[in-house]
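Below is one structure. I have some questions about it.
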Amino acid sequence: MSAQILDGKATAARIKAELAERVKKLAASGVTPGLGTILVGDDPGSQIYVAGKHRDCAEVGIASIRKDLPATASQAEVEAAIDELNADPACTGYIVQLPLPRHLDTQALIERMDPAKDADGLHPVNLGRLVHMVDAPLPCTPHGIVVLLQEYGVPIKGAEVVVVGRGITVGRPLGLLLTRRSENATVTLCHTGTRDLAAHVRNADIVVAAAGVPGLVTADMVKPGAAVLDVGVSRVDGKLAGDVAPDVQEVAGFFSPNPGGVGPMTRAMLLANVVEAAEQV
């Protein structure tokens, strides 16, 4: 058996086409969504990510607002950039590209953002609203995972889901999304300290690997026919590596590879948050 691929690129392309139509409707009423980015330093990976986000904006008609600061930027200088985007009516949503240089207080900067303009959906206020099941910008990667599963008809309601990884960008918020009444999954959150990870994974209908440990999930751990999504990012010998071993595809019923699976969905959900914020203006 070879798994059906959950194609994040194709799904993201469909979503962007839908967003482009919504942007046209906004433009007809005199509203143009705007995505702001704050990039501090010259980290190559961060530069690539930010450039990709602005290319996505151009595809769907979202305006781009870039604020690039040197790696030596002070806390006050980054705070000033945040304040400018908070006050700018042309910016309907923005991100502070992480990671930031170590001399900066990342948490304080995130908390300074206007929660209504939090395009990543990771502001503490918005995560708190998610806990309370109150409408707010959703975390992009977890939201993208749910939409990708729905796109391919993977049953979520009543499913046993194992999430491997407890990070703030994927692991913890994903459990909150999947246990909403609209999804109704049962979620077990595992991590690198889980005593018998294989025992948990073997019972799962859906496995989301996001621990950042190369090859952590292997074929012998996966229930035949399960949906497996590889979201982990790390490097081995300078090359990008995921958390799921390649032979898992021969056991799983559905498989989301890395790269090409969830990554494009994350970017699409970022655009969706910006457009939705503009629709509420």
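Do you know which residues across the stretch 64-84 are in a helix (DSSP H, G or I) and either over 19 Å from HIS54 (Cβ atoms) or in contact with a helix residue (DSSP H, G or I) (Cβ under 7 Å, 6 or more places away or on another chain) (or both)?
Residues satisfying the conditions are GLN75, ALA76, GLU77, VAL78, GLU79, ALA80, ILE82, ASP83.
Return a yes/no flag: does the stretch 148-166 have any residue that is at pLDDT 95 or above, surrounded by fewer than 19 Cβ atoms within 10 Å (Cβ to Cβ) and farther than 22 Å from ALA3 by Cβ.
Within the stretch 148-166 (the criterion being at pLDDT 95 or above, surrounded by fewer than 19 Cβ atoms within 10 Å (Cβ to Cβ) and farther than 22 Å from ALA3 by Cβ), the answer is yes, since at least one residue qualifies.
Out of everything in the stretch 167-200 that is of a type in the set (D, E, K, R) and within 21 Å of LYS223 (Cβ to Cβ), what residue ends up being surrounded by the fewest Cβ atoms within 10 Å (Cβ to Cβ)?
So, considering only residues that are of a type in the set (D, E, K, R) and within 21 Å of LYS223 (Cβ to Cβ), the one surrounded by the fewest Cβ atoms within 10 Å (Cβ to Cβ) is ARG195.
Residues are listed down the side, and each one gets a yes or a no for (1) in contact with a helix residue (DSSP H, G or I) (Cβ under 7 Å, 6 or more places away or on another chain); (2) under 27 Å from ASP135 (Cβ atoms):
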residue: ARG172; (1), (2): no, yes
residue: GLY175; (1), (2): no, yes
residue: LEU189; (1), (2): yes, yes
residue: THR192; (1), (2): no, no
residue: ALA204; (1), (2): no, no
residue: MET221; (1), (2): yes, no
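Taking the stretch 76-104 on its own, how many of its residues are of a type outside the set (A, V, I, L, M), farther than 24 Å from PRO44 by Cβ and loosely packed, with under 14 Cβ neighbours inside 10 Å?
2
Given the conditions (1) surrounded by fewer than 24 Cβ atoms within 10 Å (Cβ to Cβ); (2) hydrophobic (A, V, I, L, M, F, W, C); (3) under 11 Å from the mean Cα position of the chain (by Cα); (4) within 15 Å of LEU178 (Cβ to Cβ), which single one is not true for ILE145?
Exception for ILE145: condition (1).
Go through (1) surrounded by fewer than 17 Cβ atoms within 10 Å (Cβ to Cβ); (2) under 24 Å from the mean Cα position of the chain (by Cα); (3) assigned to a helix (DSSP H, G or I) and name the single condition LEU109 misses.
(1)
Pull up the stretch 52-69, narrow it to residues that are farther than 14 Å from CYS91 by Cα, of a type in the set (A, V, I, L, M) and under 21 Å from the mean Cα position of the chain (by Cα), then point me to the one that is surrounded by the fewest Cβ atoms within 10 Å (Cβ to Cβ).
ALA58
Now a separate question. Check PRO155, PRO173 and return the single one that is of a type outside the set (Lys, Arg) and farther than 22 Å from VAL248 by Cα.
Just a single option satisfies the conditions, and that option is PRO173.
Does the stretch 95-147 hold any residues that are among the hydroxyl-bearing types (Ser, Thr, Tyr) and within 30 Å of ALA3 (Cα to Cα), and which are they?
Scanning the stretch 95-147 gives a single hit, THR141.
Still on this structure, please answer the following. Do the conditions hold for PRO137, that is, is it surrounded by 13 or more Cβ atoms within 10 Å (Cβ to Cβ), in contact (Cβ under 8 Å) with a residue 40 or more places away in the chain, farther than 15 Å from ILE38 by Cα and touching a His at 6+ places or on another chain (Cβ under 9 Å)?
Yes, satisfied.
For the stretch 18-48, enumerate the residues that are under 23 Å from GLY263 (Cα atoms), among the charged types (D, E, K, R) and part of a helix (DSSP H, G or I).
Hits for the stretch 18-48 are GLU18, GLU21, ARG22.
Restricted to the stretch 235-275, and to residues that are assigned to a strand (DSSP E or B) and more than 16 Å from the chain's Cα centre (by Cα), which residue is farthest from LEU19 (Cα to Cα)?
Ranking the candidates gives VAL236 first.
Report, by residue number, each residue of the stretch 188-227 that is in contact with a Leu (Cβ under 9 Å, 6 or more places away or on another chain) and in a strand (DSSP E or B).
LEU189, CYS190, ILE206, VAL207, VAL208, ALA209, VAL217, ALA227
The values are calculated or read from the model by the stated rules, or taken from the named source; none is laboratory data. Since the model is a prediction, treat every value here as computed from it, not as a measurement. A quick note on method: Cβ atoms are made from the backbone with ideal geometry, for glycine too, and the neighbour counts reach across all protein chains shown.
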